[in-house]
Structures are given as structure tokens and as C-alpha cells.
1. Subtracting the Cα-Cα distance from 0.36 nm times the residue separation, let me have the gained length for GLN163 to ASP204 in nm, one decimal.
2. Note down, for region 355-398, the three equivalent ellipsoid semi-axes (square root of 5 times each alpha carbon gyration tensor eigenvalue), biggest first, whole angstrom.
3. For a paramagnetic label modelled at 7 Å from the Cα of THR156 toward its Cβ, which residues of region 272-304 fall within the zone defined by backbone nitrogen distances under 16 Å?
4. Based on C-alpha coordinates, I'd like the Rg and Dmax of region 155-232, in Å.
5. VAL72 to LYS320: FRET efficiency via 1/(1 + (r/R0)^6), r the Cβ-Cβ distance, R0 41 Å, to the nearest 0.05?
6. What is the antiparallel percent of DSSP beta bridges lying wholly in the chain, to the nearest 5?
7. Taking amide H positions as placed 1.01 Å from N in the peptide plane, with prolines and chain starts having none, which residues 5 or more places from VAL255, or on another chain, fall under 5 Å of its amide H?
8. Could you estimate the translational diffusion coefficient of region 178-279 from the Stokes-Einstein equation, with Rh from the Kirkwood formula over C-alpha pairs, at 4 °C and 1.567 mPa s, in whole µm²/s?
Amino acid sequence: MKRSVFLAIALMIALVISSFATVTIVMTAGAVGAELQVLQTQIKEFMQQNPDIKVVLMPMPNSTTDRYNLDVTYLSAQMPEPDILFLDTIDPPAFADFLVNLKPYFTDQELSQFFQGAINNDTYNGRLVAIPWFVDAGILYYRSDLLQKYGFQPPTTWDQLIQEAQYISQREHIQGFVWQGAAYEGLTCDFMEYVHSYGGNILDENGKVVSDSPQVKAALQTMYDMIYKYKISPVGVTTYQEEDARHIFQNGDAVFMRNWPYCWPLLQATDSAVRGKVGVEVLPEGTGFPGVHHSATLGGWELAINKYSEHIPEAVKLIKFLTSPQQEAYKAINAGQAPSVLSVYNDPAVIKAVPLFKSLYDVFVNAEPRPKSPIYAQISQVIYDNVNAALTNQETVDQAVAKMTSQLKQLLGQ
Ligand code: GLC
């Protein structure tokens, strides 16, 4: 074969191969409730539309605290993978320096589609380091059939919840109230709802530690009393995360549950013991202090790109796909995760599948954020470790609040 013919054939083969070459992007993923299954379906569709991009999902533990610790390991290694990280709403400040500024990749028009509070949350030192993927707010699930059977209304105060839970649980021989009491981020979320609902706070708007207050003590005392005085929550609640509470409630073994919206489609699934027997409401408020109010902790998850990624344009493409109104609607309906794109709340199919996105829309809009700080993980650990110590009788309520206060002051140099 002549040399020129050989070269021409080699060139053709190289061209054919490169046209089939795929870029692989690695994305971290969670598996709470139906989220992994839903994401897998979405990724399949994305890959069909983009045959030149292969997406590999990297499952992460359920606990956001464990996920955070893994992300610290991944990002500090300064490796190109994972390319896309899904981050909790509290994470952007801590990881900002390791993430791509996404501002140049999105038009103002594209960004205006999202909840602006969520965009602000993901902006740190003027850089947009993540894109809101879904928002979360703590809500109260209740057994509508049982409340009706005993002639109760959904509770509006913690005292009322305790009374109803005691009354019904004793007669039905089930738990009264399940929630997240393990020593991890979820407990901080639950605790903050009580603190705010009693009109208290842990840090004020200037970041000053204000946790040593009667309101904060009342909040922790209420949680403690639910376990030991009123016995509406099992002692085991001090080890529960979201999924533990959901499984109990979904089996028909509890009257009330505090959780996030992702539970809704699962509770309504054909294999659920409580299908058609569940109502949702804003969480109860405290009593006895000025400023008591109904409070929900603001949660949610974001999509961010590792700044060492070698496939930034492809990763941006995937983020745009996953946050498109169509995909957010699919995710809302099937995983119960509240859209970060405002227009999706007007989609009748979404509201039909998860009515709480309409009935509790105000709860999402008014949900209370956790402090925005690069050392938020340490702040929260002081909170949940001391709260859990009180709930497991290692510290009294007063000791736990005093210790939390002094440790926070030390951490924040106050
Ligand atoms: C949910 C929330 C998240 C929160 C976590 C706590 O995943 O979306 O913001 O930190 O629960 O367990």
C-alpha cells in the first residue's frame, strides 16, 4: 500500500473514532426516598439526547453530614472528579474556593427563573458557585384518618400536638411523633424549628451568639419532654434520620412525623400503609413567649462544578438539563422534591401529584435559613452534639444550652 493511501485511511479511522468519542462526567448523587431512581431516569434521557456525554453517578450516604465530610475529601484532593457535586444548601460558603463561578455560563434571563433567595444563597463573595436544584422546608405530616376518628384538628401549637399524639397513640398502640434526633445536621434543622417557633435564636442577624435564652431552653425542653415526660416519641428517635422516621410513619406506626416533602409520593404509593390517610401542615408554634411563630427550616440541594473538572461545558449542559422546568416537574412529581424554578409551581400535573407545593407554598417562601458561614459545619456540630447530649440524658437541658453557648462563642471568637 502506498504511504499516502495508508495515511489517508489512518486519518479517516481517527476521524471516525473521535466522532464517537464520549466525554465522561462523574456526578455525586443521593439515594434518600426515590431520588436516585428518579435521577437515573433523568440521566438516561440526558445521555440519549447527548450521545457524546456519558454520566456516571457516584452514590453518597444519606446523611448530609457524611456527604459534607466526603466532599471535603474529594475537593481537597484537587482531582478532576467528581465533576458535578450536589451540595446541601448550607455548603456553598465552605466549598466556594473549590467551585466554578457559574455566572458566565448562565444568562440573567436563565437565572431569573429560580427562587432569588436560592440564587443569593449560592452566591458567595460575588461568585455564583452553585445552581439551586430543589428547595426544602420542614413540614408536619399527620394521619388525617386518625385525627378525624378522634375528632381532632391538625395541631397549631406544640402543646396541642403533644396532647393529640398522646391521646391517639395510647389508643392505637402506635408512636405519637417521629422526627430526626440523631447527632447530625438533620437534628440542627429540627431544633432550629423549635427555637424559632418559641421566638428565640442561636445567632442573631449580626452573627452574635444569643442562644443562652429562656426561649432556647423551652425549645429543647419541649423536645426532651416529648421523649421522657409525655412519651409521644420513642427513645430511639435520638438515633433517627429522615428515612428512619419515614419508614415508621409509612408503615402506619406513628400519628405525626416531621420531615421534608420528599416523603409525599412515597406515602401515597400503592405499597404504603398510609396511602390516602395523610395530611400535611405547617409545623406547630411555641407558646408563652413574644414572637412565637410557625417555623420551617429552609433546606434544599444545589448543583456545583468542581473547579478542577476537565469537562466544565458538558457539566454545565447537564446542570441546565436537570434544572429545566420539564425535568424539575418530573423530579417534583416522582421524588417529591420542591422545584427551584418558580414556574413549575404553576404546572397542574405537579400540583395534582404533590398538592402541598400549592397548599404550603408560603411555608417554602418563608422558610428560615441556617447561618451562612464557611464554618457552618462546625457551628452546626456544636448545636446538634449538645442537643443530642440533652436528648440522651448526657447533659441536662440547662447544661446543654450553656455548653452550646460557650462553645459557639469560642468558635466564633466572641
Ligand atoms: C434535607 C435538606 C437539607 C438538610 C438535611 C438535613 O436534605 O434539604 O438542607 O440539611 O435534610 O438532614
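Coordinate-derived values only; no laboratory data. As the structure is a prediction and not an experimental result, all values here were calculated from the model. Because the Cβ atoms are built from the backbone with ideal geometry, glycine has one as well, and the counts that use them run over all protein chains shown.
1. 11.6 nm
2. 30, 17, 7
3. Residues 281-289, 291-295 qualify, since their backbone N sits under 16 Å from the label point.
4. Values for region 155-232 (Cα only, Rg and Dmax): 13.9, 48 Å.
5. The calculated FRET efficiency here is 0.90.
6. Bridges in the chain that DSSP calls antiparallel: roughly 65 percent.
7. Residues meeting the amide H criterion: GLN175, GLY176, PHE177.
8. 88
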